[in-house]
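Notes follow once the structure below has been shown.
The values are calculated or read from the model by the stated rules, or taken from the named source; none is laboratory data. Owing to the predicted nature of the structure, the values given are computational and were not obtained by experimental measurement. Don't worry about glycine lacking a Cβ; one is built from the backbone with ideal geometry, like all the others, and counts go over all protein chains shown. These area figures cover heavy atoms from the full protein model, side chains too; ligands, DNA and RNA do not enter into them. Shrake-Rupley method; radii C 1.70, N 1.55, O 1.52, S 1.80 Å.
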Amino acid sequence: MAVPFFKSKVFKVVLIVLAVLASLLLIATLGANTFLKPMLISKLKKSVSKATNNLYKINLKDVQLNVFTGSISLTGITFKADTHVYEILKDQNNAPASLYTVEAARVSVSGAKALKYIFSKEVSVQQISIDDAIVKLDKLSNKTGTKEKDKRTLYQKIKDDIKLINIGGIELNDVQFNYADHTGKSPSASVIKHIDIKAAELLIDSATQSDTSRTLFCKNISAGIKNYEGKSAGGLYSYKLQSLTLHTQASKLIATGIILQPLPSAQYFKKSKEDRFDLKLDTVVFNKINLEQYYKQNSFSASSIVITQGRFEVFSNPNGVVPVTDRLVTFPHWAVRQIKQRVKIDTVYLKNINVKYKEYHKQSKKTGSIAFTNITARVLNITNNKNALSKNNICKAYVHSQFMGKASFNLWFDFNLNDADYKYAYRGHLGALDLKAVNPAVMPLGMVQITSGNLKSLDFKVSSTQKVSAGSLKFLYNDLKVKLLKQDNEKGYKQKSLLSFFANSLILKSNNPEKAGEAARVATLKFIRPSNFPFFKTVWFTLLNGIKASAMGKAPKQDEQDMEKRLKEKEKADKKARKQKEKEDKEFRKKLEKLKNKN
């Protein structure tokens, strides 16, 4: 009978050989860990120090290395600036504006070729995973060092120690980002939690050091934030962001579920004298963002921004203080000029946006509203870039909407982006409308009810500066009848019968043109902006004067002499304000110089 194989001498020899090999492998692994761990830590620290010009240091609590499986586990990692080096750079006027600190409890590395790193100076890793990391950014100054910086690439800085770095993928899960700004009178701070980042195909070598198709040497970086929310400092608003995702390979940033939610009206107006804003946007997409330009030059550019599905409501504060300062700051082209970083956006698209303006009228004790629904818009050439402005200094906007949800309304705007007088022009067309549709606005706010009237069309064309608007308006309608109202505690409104009769008989023209075949009345628009009038109020009052003039059959209220008088008064007030500002600036510079001399 044959002896079973498992009882044979051959099998026993195989077992002995395998046991010896296993022992050798175990000894080799333990020896490799003992021998390679200090070498690995030393090289890692040296590389970080060299790559950051000795400003940053990395420390580790422990490293577990398995040469044969290619796995490395690092625990207790801290990456932070050497404050002594920072102070030296500061004294040399060469310190960075911000400092970073990174803390991670654990970093797992798989597919690492440790021997290749030690003997060939090449870092080759399949995957790196970092969980529950905290990244801190402290902004310490508004200016970076003025001395000439080291212009070498990262590869040029590390090539003596590392010839190549190749990492297949990097994952950072549930990262917390802490930001602190120490440049103001008092420090401000913000925290963003639950950030996920994935980077693919990181490669640093002689070829990729100048590869502009990569971001931070990676083929693609996807970074995302989910369910970010908070409250404003005074508690008037809460804000939410469902998600924010960046894809570097596609140069695309996508934001979803943007909400700015104010307190209920009664509570809000008790606590604030500012207007109340309510915003909700489903999706905002930034296309073809130049990330390298933003990172290196602090300049933002995008081929387009697409804003889809949402609403924006403004409720004018009934307790608000009438502003006395110049509201030029509300002009769109003024705002573009004030952006500190260079901006160039080719096109902004709006799709299916609803806008509503609400105002409480103390006399009627009611709230009136004007609505523009289903807005689509295209805005071209938003920029403050000098080179771009030398080629094209006009920002154009086309807006289509449904006025009060009933009539087609088209608007065209031209904004001069570098004109000293802030020139702009606009024209528009409002289609056929039953005029009773505007009663939700004119009854509470104007104490007037339109009982009948059909708008055929409203067309206007206006050219403006920051001071004066001039143009023409054609308001075609028929069968216009109104009631003048007064407030009634029981019914809400009560008709002023006699005044209504006079208004319809003697003041208002029922039709324009009055008879078939006659030429229509065309109003000449001339309006001087009071300095405390914001942009859209200026546009509205300019058009309102023309509408009134058409309906009453007489010239707008502001005549030539009144215009000239108000213009001179405004110029005088502006001159006085400029002198006062120059005086304050001079005193501030003197105080600043004294502080410098003391230090």
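Values computed for the structure shown
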{"read-out": "Shape of the stretch 231-321, Cα gyration tensor, a/c cut at 1.5", "value": "prolate"}
{"read-out": "Sum of side-chain charges, LEU74 neighbourhood, beta-carbon under 9 Å (Lys, Arg +1; Asp, Glu -1)", "value": "+1"}
{"read-out": "Magnitude of the charge dipole, the stretch 386-542, Cβ model with Lys/Arg +1 and Asp/Glu -1, debye to 20", "value": "160"}
{"read-out": "Tensor-based shape of the stretch 79-132 (alpha-carbon gyration tensor, a/c under 1.5 rounded, otherwise prolate or oblate)", "value": "oblate"}
{"read-out": "Gyration tensor verdict on the stretch 317-431 (Cα atoms; rounded if a/c is under 1.5, prolate if a/b is larger than b/c, oblate otherwise)", "value": "oblate"}
{"read-out": "Cα extents of the stretch 275-352 along the three principal axes, largest first (Å)", "value": "47, 30, 17"}
{"read-out": "Computed E for ASN298/SER73 - FRET, C-beta separation, R0 41 angstrom, nearest 0.05", "value": "0.60"}
{"read-out": "Computed FRET value (nearest 0.05) for GLN209 with TYR179, which takes r as the C-beta separation and R₀ as 35 Å", "value": "0.75"}
{"read-out": "Those chymotrypsin sites (Phe, Trp or Tyr not before Pro) in the stretch 47-107 that DSSP places in a loop and that have at most 12 other beta carbons within 10 Å", "value": "PHE68"}
{"read-out": "Nearest-0.05 FRET efficiency for THR451 and ALA250, computed from C-beta distance (R0 45 Å)", "value": "0.20"}
{"read-out": "Set LYS50/LYS340; LYS344/LYS423; LYS57/LYS121; LYS231/LYS537; LYS356/LYS494; LYS231/LYS288 screened for pairs whose C-alpha atoms are more than 23 Å apart", "value": "LYS50/LYS340; LYS231/LYS537; LYS356/LYS494; LYS231/LYS288"}
{"read-out": "Under-5 Å amide H pairs with GLN127, H placed in peptide plane, nonlocal only", "value": "SER110, GLY168, GLY169"}
{"read-out": "D_trans [Stokes-Einstein, Kirkwood Rh over alpha-carbon pairs] for the stretch 41-177, 20 °C, 1.002 mPa s, µm² s⁻¹", "value": "131"}
{"read-out": "Cα-centred dipole magnitude for the stretch 155-311, charges only on beta-carbon of K, R (+1) and D, E (-1), debye, nearest 20", "value": "560"}
{"read-out": "Set of the stretch 411-428 residues, backbone N closer than 17 Å to the point 7 Å along the Cα-Cβ line of LYS461", "value": "411-415, 424-428"}
{"read-out": "For the stretch 366-520: relative contact order, % (alpha-carbon pairs under 8 angstrom, 6 or more apart)", "value": "16"}
{"read-out": "Per-residue HN-Hα couplings for the stretch 225-240 [Karplus 6.51, -1.76, 1.60; θ = phi - 60°; Hz; x = Gly/Pro]", "value": "10, 10, 6, 8, 8, x, 10, 5, 4, x, x, 6, 10, 10, 9, 9"}
{"read-out": "Loop-located trypsin sites (Lys or Arg not before Pro) in the stretch 282-367 whose Cβ has at most 16 other Cβ within 10 Å (DSSP)", "value": "LYS288, LYS340, LYS362, LYS365"}
{"read-out": "Rough spin-label spacing in nm, given labels placed 7 Å along Cα→Cβ, for LEU154 and ALA432", "value": "6.5"}
{"read-out": "Mean accessible surface per residue for the stretch 98-226, computed with a 1.4 Å probe while every protein chain stays in place, in Å²", "value": "58"}
{"read-out": "In the stretch 57-93, trypsin sites (Lys or Arg not before Pro) in a DSSP loop with at most 14 other beta-carbon atoms within 10 Å", "value": "LYS61"}
